[in-house]
Amino acid sequence: MSQAIGRAVSGTVAAGDFTDPHHARIIWFAAGGLLLLGLLLAVGTVWWWRASRTEHPALGPLEAMGSRRWLRSDYASRQASLAKARPDDAAREIPDSARNPIDLAEIGQREPSSFDDLIEEHAVVDPAVVPVEPAE
């Protein structure tokens, strides 16, 4: 069937005879089919845009961060716009560093007792060859 339509359309274009009613019907069907296809694509595109527009409310801060106003604002304005963009029932996540503060002075004073976790399993070290200093 598609070969017959292809031959008819190619014959119509090659002959240049658009006054014949048989050829005119093929042209009108082809134009109507293309118009219908374009209309279906337009309707499908609008439906797809509307269906994909919905996003999870938790992504609201990301949309606020993408605006030019957010980039040009100061820290306090940024925090206010992020708080306004968050949903009301969003749990505010507290970072681990705020829950358990790290004492850097204590880390600097303390030396690790051993580095056993860094020893490769397949490496065997003879304790007689490598002297081990006792930890204080």
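Applying 0.36 nm per residue to the separation of residue 75 and residue 105 and subtracting their alpha-carbon distance, the gain on full extension is 7.8 nm.
Annotation: peptides 28-34, 50-56, ranked by per-residue average of other Cβ atoms within 10 Å with the highest first, follow the order 28-34, 50-56. For residue 55, the shell of other residues with beta-carbons less than 14 Å away shows a net charge of +2, using +1 for Lys and Arg and -1 for Asp and Glu.
Evaluate E = 1/(1 + (r/R0)^6) for residue 31 and residue 52, where r is the Cβ-Cβ distance and R0 equals 41 Å; express this FRET efficiency to the nearest 0.05. The computed FRET efficiency comes out at 0.85. Computed over neighbours whose Cβ is under 13 Å from that of residue 69, the net charge equals +2, Lys and Arg +1, Asp and Glu -1.
Read-outs: derived from the displayed coordinates by stated rules, not from any lab. Fair warning: this is a prediction, and the values are worked out from it, not measured in the lab. Neighbour counts run over all protein chains shown; Cβ positions are idealised from the backbone, glycine included.
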